[in-house]
């Protein structure tokens, strides 16, 4: 008898296509226990987490989103290699009920590879809203696989899913006899013959039957693997047989699609004829060439209005109460400390990293609004609407998606280019991605724009975003025509159905992003703040005769062309480590003058110089993290160095032009 009191640990893999809510299921299971990294040797994101209930511990892995297990991309190869090499106890195939037909192809492949499979049929509420009905019991009976109806974002069905996972792992009489696809006598004989030409030592760690099918389907990675393990004579025999049966790949795919069609006829009820869905009604405007663009601008405008009208006042309150309060407390009530310790704590830590922590309200509203846009399905529409502009740059249509990610952070924008098939389009996207203003840049813009332009700060910020996107467009056209030439291709993408955003999920995603920001503030930004402070007091203790001043004054002649003094140039240079360091560095350098940062900036800069600084800030060279992933993705230093030089020329050139033009009117 199974002992139900002993501690048990099982591994669970979540598999599914993009836009099925797989990440929602993962977040609901693991909460804040998750860890994000990269797969070994890859830049594809790696998510793991832990779920505990009673004596059961589940180690959950969120596999990359993939439509199939044929290794046409890094995501597909990672997903299938994990299933084979790690042998998870349970594989949960998360399917989008509203796009069931497209998702069933992955199930057809998982049936062949995963020994223990559960189907989590997610987004049933979205399907119902659009008049669709799925018979989950019929689906479970047809496959002899457990099918759990889910609305993961509302936490409906998650308890049943966990129970089913636990039940499958507690079986002591073997796995279920899953109903495999019938490929017919002729194809079965062909697969069996390929199997006889193989043996387990050659196909390991892949199952021999599955390997035979992939060889017939023309999977390049499996071909390369088997060719390297076989003698030339045996491989020649196998290769000749595969060549004689090359039509088997089309037959296998056709039979899978016929199986999908049969499954849909059993389990799926279509909306009544003539019914216009909510998604169709909204998309008439949201994907319209003209109105869709206006809607996108309005959405971004509302986002930044929220940031400025709510986030900035909270940031200013935190700055006065926490940063200024802590600063005064250290110098007034901690006089027993040596002067250098007081300076280190007040001017190095509090005025630097502490100032950056006050960004949290601004970033909170940005991350929350962006998560809501993603959860409703609108970000895919944003990519669709901007597709025609991408073609002006000679980009693959899929370039829209990584560039949209760039508004959050340029690092995932660069990493996200892995979805682009064309190497040329991928490289071009990587080079223009750092021109998209990230949250770090916009947080700095929010502080300085609010200080100088008051109620007009929202319009200034939106204008800077549009300006940077215009620069991106122009630079993309130039790179396309004169540096990286080639043909562009059409956009093929799935637009998910709209649905009401889940507040719990938005809160979780926002918290994860804020936590990542705070970790950076407690490490990289804190380290830079301390270094800046040390350089500001060495060797005399006076910032005006310090090493930092010496560095800044080297660049002051260039800064004078934009109305910027050496302090602003030092702040700009520090943003190379992290964009938020601009404010942290200014906080350190200007902390001893009595007035708050906003007042000092207004005294230090003219409006024309402030505008020039904002321009250079949104176009300045990428941060260290972005440069490192550009090097990683392009395989060397040639393109990262090119990116640095390109954006140095663009940012300084345009900032000088803006300052000189603005000065003519004052």
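Only the coordinates and a few stated rules stand behind these numbers; no lab work does. Values in this document were obtained by computation on a predicted structure and should not be read as measured data. Cβ coordinates were reconstructed from backbone atoms using ideal geometry, including for glycine residues, and neighbour counts include every protein chain displayed.
When Rg and Dmax are taken over the Cα atoms of the stretch 8-169, they come to 14.7, 44 Å. Taking label positions 7 Å along the Cα-Cβ direction at both residue 288 and residue 642, the computed distance is 4.1 nm, reported to one decimal. Comparing Cα centroids, the stretch 207-260 and the stretch 537-569 end up 66 angstrom apart. Once the C-beta distance of residue 649 and residue 530 is scaled by a Förster radius of 30 Å, the resulting FRET efficiency is 0.40 to the nearest 0.05. Each label point was placed 7 Å from the Cα along the Cα-to-Cβ direction; for residue 59 and residue 255 their separation is 3.7 nm. Placing R0 at 45 angstrom, the Cβ-Cβ distance between residue 606 and residue 50 gives a FRET efficiency of 0.25 after rounding to 0.05.
DSSP assigns beta bridges within the stretch 8-169; of those with both partners inside it, close to 40 percent run antiparallel. Our estimate of slack between residue 180 and residue 262, defined as 0.36 nm per intervening residue step minus the Cα-Cα distance, is 28.2 nm. Between residue 561 and residue 544, the contour length at 0.36 nm per residue exceeds the alpha carbon distance by 4.0 nm. Cβ crowding within 10 Å ranks 328, 232, 22 as 232, 328, 22, fewest other Cβ atoms first.
Length gained on full extension, residue 235 to residue 456, computed as 0.36 nm times the residue gap minus the Cα-Cα distance: 72.5 nm. The label-point distance for residue 298 and residue 473, in a model that sets each label 7 Å from Cα toward Cβ, rounds to 2.0 nm. Taking R0 as 35 Å, what FRET efficiency do you get between residue 334 and residue 519 from their Cβ-Cβ distance, rounded to the nearest 0.05? Computed FRET efficiency for residue 334 and residue 519 comes out at 0.80. Size descriptors for the stretch 184-269, from the alpha-carbon set: Rg then Dmax equal 14.7, 53 Å.
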